[in-house]
1. If Trp44 satisfies all but one of (1) open to solvent by less than 30 Å² (accessible area, probe 1.4 Å); (2) over 30 Å from Trp177 (Cα atoms), what's the number of the condition it fails?
2. Taking only pairs six or more apart or across chains, which ones have beta-carbon atoms under 8 Å, a first residue in segment 1-30 that is of a type in the set (Val, Ile, Thr), and a second residue that is open to solvent by 30 Å² or more (accessible area, probe 1.4 Å) and not in a helix (DSSP H, G or I)?
3. Let me spell it out: the conditions are (1) at pLDDT 85 or above; (2) open to solvent by less than 40 Å² (accessible area, probe 1.4 Å), and Thr60 meets all of them except one. Which number is the exception?
4. For segment 149-243, give me every one of the helices (runs of 4 or more DSSP H) that falls completely inside it and has 3 or more residues that are modelled with pLDDT under 65.
5. Residues being open to solvent by 70 Å² or more (accessible area, probe 1.4 Å), within 29 Å of Ser106 (Cα to Cα) and free of Cβ contacts under 8 Å to residues at least 12 places away in the same chain: count how many of those fall in segment 118-154.
Amino acid sequence: MKPRDIIAKAWAITKKERILRKWGFADALLHTLLNAKLFLFQAWLIYSYFILENPIGFFTIERTLLENLPLWLAISIITFFFALLFIEWLFPNLAKGAIIGLAAKSYRKEEVKGGLVLGIYNFFPLFALHEILFLSSVTTVITLCSLMLRYGAGAGPIGAILLVTAWLISNVFEFFWIFSEEAVVIKKTGIRGGIHQSFKLVISYLGHVVFLMLLLFVIILRIVANLFMVILIPGLVLGLGFLLATFLPPAVSYSITTVLGLIIIGFASYFFAYLEIFRQTVWTITYIELSALKDLDIIEAEDEKYIKIVEGEEEKYVKVDSLQK
């Protein structure tokens, strides 16, 4: 199947399968909330460091809540915050298994159901694959670099450089492991088998210009989406907060900003759901098509038999099955 056919089929599946979009929306919503919190925290840190010249501590938010709110309310908010953070960390691995499995079923004309089962049964290997390359995330590296610069003293800059280097290396590995999740979900290869098969597929077909263009297209699409999600949305919410605070009481401005921020995040997550489902479906279809081809390093499989046929001065090898036909 040509790359443009894969893209067209992936987009058709994205528009057709409502259950896929539900999983994608939940995943995108939690991703957006997590990235928004990380971005706002880093923006507050930069403001306190350069403008106020009094950088905030690691638990400043929690201490502020405990000092200014009733104890029961502050503890409830802090508990909810950390519970949501825990869900945002784990749920994407559950959703990834469901999205890959349901997209593969749709492509193979099977009944598209069982998303929760697919997510649960593939959660741990997908979680392990994700955590191996956790430094490939831009937001994660920015957060760790911030902590390193704040608490690392003289070794902070060196640690930040090492983190950026690890980020570059992790992205190289992520490129070669791009099909490992699909292998785990669709063929139950396990973590090591999925990594091996993904590496082999990428190496085997890297020379095909069209396939390389497909890879670059999807990677660029992902980068643009991530930048939009990480920078624009939290920045818009933060800007609204500062604007409203200039002419409204703090409690009112914070309340309005929170409501508007949640509405913006909800609309953005709906848009990102389409992008995420489409991106993941492209990889799933590509994996199914490439894994169905014969491995390039195999000349003759164990179940294939060939015989030599001589026609005049010409000799050729013919597969037994073909000869019988």
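1. For Trp44, the exception is condition (1).
2. Close Cβ pairs (under 8 Å, with a partner that is open to solvent by 30 Å² or more (accessible area, probe 1.4 Å) and not in a helix (DSSP H, G or I)) amount to Ile19/Val112; Ile19/Lys113.
3. Failing condition for Thr60: (1).
4. Values: elements: 156-176, 180-187, 190-205, 209-227.
So the answer is 209-227.
5. 1
The values are calculated or read from the model by the stated rules, or taken from the named source; none is laboratory data. Quantities reported herein were computed from a predicted structural model and do not represent experimental measurements. Every residue, glycine as well, gets a Cβ built from its backbone with ideal geometry; the counts of neighbours run over all protein chains shown. Note: areas computed on protein heavy atoms with side chains; ligands, DNA, RNA excluded. Shrake-Rupley method; radii C 1.70, N 1.55, O 1.52, S 1.80 Å.
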